[in-house]
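K.L.:
Please read through the structure below; I'll follow up with questions.
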Amino acid sequence: MKKQHSTKEVLLQHKGLFIWIFLAFLFCAGIYFFMDSTKAIDFAAGYIIELSLSVDNLFVFLMIFISFGINEHAQHKVLNYGIAGTIILRFLFIFLGISLVTKFEWVLWVFGAILIVSGLKMFKNDEDEDPRDGMMYRIISKVMPVSDGVYGEKFIVRNDGSNYDANASKLSKKAKYLFTPLSVVMVLIIFSDVIFAVDSVPAVLSMTTDMFIVYTSNLFAVMGLRQLFFVLEHLHSRFQYVKYGVGIILVFTGIKMLLGIFDIHVHNLISIAIIVALLAGSIVFSIIKTKTEAAE
């Protein structure tokens, strides 16, 4: 039976997370001294909201890994590739988003509506959904020859005539090489990050449309994802209600965008205070609630 670590023990094991957070705020201080205070506040707001929204995305990653039975060493490998892909994808999404907003201001209002809908969806109970039942997995299994088991950290194995999926297509039966479930997991991770970017990029754009500030705040948040993932892996049962706080944050940022229609603007310092309060409140509530449920 896997040992249940205390929150303090887990955080001490993954000190790298705090190093990345420290580096982010050091960079923010550099912006304050070498650029101006407004851009520093914008960076802090973008970084905090991006890190907050990352929590829900990492829960999705965790569910995918558990569903496919991926061990921790293989998870490290997938996350490293996934983070590299995220950095590239995020740049493309941000560049496209800022280009659209610059040319068509009303796009911000569309983004705001998307964020509100996404935030409300967070309250839907979908914890029991299996990624194997999703449309994306069904499409992958039809177009990729997939093996019937995990082969350590290998993405591709030779087809020996007996190691393809029982429900595999003719493609898998005839293929010389098979993609392992680890390859499928990689595709699902990248796909889920694309979906996540639809929420996170507009949320950061609600704070600022400065390309440098938006991308660097995203970059620092993404670089700390690997460490944050392994913290959540050990503590996810205690933080299971945090996603509702993330949902409220999405709704808040969406409303903030829509207020622009009426020329009402919420200062980013106020936004930072609200986002931090919502995230901290959801963490505290989650810890108290799970302790109460365990006691009962």
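K.L.:
Considering only Val117, Val242, Asn159, whose Cα is most displaced toward the positive end of the charge dipole of the chain, charges sitting on Cβ of Lys, Arg (+1) and Asp, Glu (-1)?
P.N.:
Asn159
K.L.:
Which FRET efficiency, nearest 0.05, do Tyr81 and Met211 yield, Cβ-Cβ r, R0 22 Å?
P.N.:
0.30
K.L.:
Sticking with this one: Enter the per residue convex hull volume of the chain, computed from alpha-carbon coordinates, in Å³ rounded to the nearest integer.
P.N.:
Numbers: hull volume 45.0 nm³, N = 296.
Normalising the Cα hull of the chain by residue number yields 152 Å³.
K.L.:
Order the following by accessible area, largest value first: Thr102, Thr253. Probe radius 1.4 Å; ligands, DNA and RNA are ignored.
P.N.:
Largest accessible area first, the list is Thr102, Thr253.
K.L.:
In the chain, carbon and sulfur make up what percent of the accessible area (probe 1.4 Å)?
P.N.:
68
K.L.:
Further question on the same structure: Give, in nm to one decimal, the length gained when the segment between Phe95 and Ile66 is fully stretched (0.36 nm per residue of separation minus the Cα-Cα distance). Display every interim value, and only then the final one.
P.N.:
Numbers: separation 29, 0.36 × 29 = 10.44 nm, distance 3.38 nm.
Fully extending the segment from Phe95 to Ile66 adds 7.1 nm.
K.L.:
Same structure, new question: Amide H neighbours of Ile156 under 5 Å, counting only residues 5+ apart in sequence or on other chains, H built in-plane at 1.01 Å?
P.N.:
Thr180
K.L.:
Determine ³J(HN,Hα), in whole Hz, for all residues of the stretch 74-83 in sequence, where each value follows from phi through the Karplus function 6.51 cos²θ - 1.76 cosθ + 1.60 and θ = phi - 60°; x replaces Gly and Pro.
P.N.:
Result, ordered by residue: 5, 4, 4, 5, 5, 5, 4, 5, x, 5 Hz.
K.L.:
For the stretch 197-228 and the stretch 27-104, what is the separation of their C-alpha centers, rounded to whole Å?
P.N.:
5
K.L.:
Okay, moving on. Taking the chain as a Gaussian network, Cα atoms linked when under 10 Å apart, which of Ser37, Ser192, Ser147 shows the biggest mean-square fluctuation?
P.N.:
Of Ser37, Ser192, Ser147, the Gaussian network model singles out Ser37 as fluctuating most.
K.L.:
Same structure again: Just to be sure I understand the model, the point goes 7 Å from the Cα along the line to the Cβ. What's the resulting Glu293 to Ala277 distance in nm?
P.N.:
About 2.7 nm, to one decimal.
K.L.:
Another one. Which whole number of Å³ per residue matches the convex hull of the alpha-carbon atoms in the stretch 16-86?
P.N.:
Each residue corresponds to 95 Å³ of Cα convex hull volume.
K.L.:
If Rh is defined by the Kirkwood formula over all Cα pairs and Rg also comes from Cα, what ratio Rg/Rh do you get for the stretch 199-273? Provide the component values of the computation, followed by the final result.
P.N.:
Numbers: Rg = 14.6 Å, Rh = 14.2 Å.
So for the stretch 199-273, dividing Rg by the Kirkwood Rh gives 1.03.
The values are calculated or read from the model by the stated rules, or taken from the named source; none is laboratory data. As the structure is a computational prediction, the values presented were derived from the model and not from experiment. FYI the Cβ positions are ideal-geometry reconstructions off the backbone, even for glycines, and counts take in every protein chain you see. Note: accessible area is taken over every heavy atom of the protein model, side chains too, but ligands, DNA and RNA are not part of it. Shrake-Rupley method; radii C 1.70, N 1.55, O 1.52, S 1.80 Å.
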